[in-house]
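What follows is a short report on a single structure.
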Amino acid sequence: MTQPTTPPISKFRRANGFLFLSGDLPLQADGSIPEGIEAQTALTLDRIEATLKSQGLGLDDVVSVAAYLTQTADFAAFNRVYATRFNEPRPTRTTVHTGLMLPGALVELTVIAAERA
């Protein structure tokens, strides 16, 4: 699979003490997508964690998550992986069943993180 063209968006933006991340997808370095919701969820969270780390933050700083799943049957497996990555208190979350722009992707996540004082 060829890597998609870069969309006209910012990977993240800062505003009023928050870091807003654009939706992230389960793309490996070579542009491929792993099989299965567990692998895709873990990779997407790894990518988000790397972006947060590059800005001096981590998953513990995330206050809100929007999750987009292409298969309702994947909800339980998604939750199992998700639950291992966020400590209490967990971020607020909205989960939506929808199609995604990247063929083969089963999940897309976007997060908002609170900057440290």
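All of the numbers you see were taken from the coordinates with simple rules; none came from a lab. Since this is a predicted model, take the numbers as computed values, not measurements. Glycine also receives a Cβ, built like all others from the backbone with ideal geometry; neighbour counts cover every protein chain displayed.
Size of the chain: Rg and Dmax of its alpha carbons, in Å, are 13.8, 42.
The residue list 68, 45, 57 was ranked by how far each Cα lies along the charge dipole of the chain toward its positive end, using unit charges on Cβ atoms, and 57 comes out on top. Positive end of the dipole of the stretch 61-116 (Cβ unit charges, origin at the Cα centre): among 114, 95, 82, the Cα lying farthest that way belongs to 82. Among 49, 88, the ranking by other beta carbons within 10 Å of each residue's beta carbon, starting with the fewest, stands as 88, 49.
At 0.36 nm per residue, and after removing the present C-alpha to C-alpha distance, how many nm does the segment from residue 92 to residue 28 gain when stretched out fully? Spell out each step's value before the answer.
Numbers: separation 64, 0.36 × 64 = 23.04 nm, distance 2.68 nm.
Stretched out fully, the residue 92 to residue 28 stretch lengthens by 20.4 nm.
Between the Cα long axis of helix 37-54 and the first principal axis of the chain there is an angle of about 30°, rounded to the nearest 10. This model, with +1 at the C-beta of Lys and Arg and -1 at the C-beta of Asp and Glu, gives the stretch 12-114 a dipole about its Cα centre of some 320 debye. To the nearest ten degrees, helix 75-85 and the longest principal axis of the Cα atoms of the chain are 40 degrees apart.
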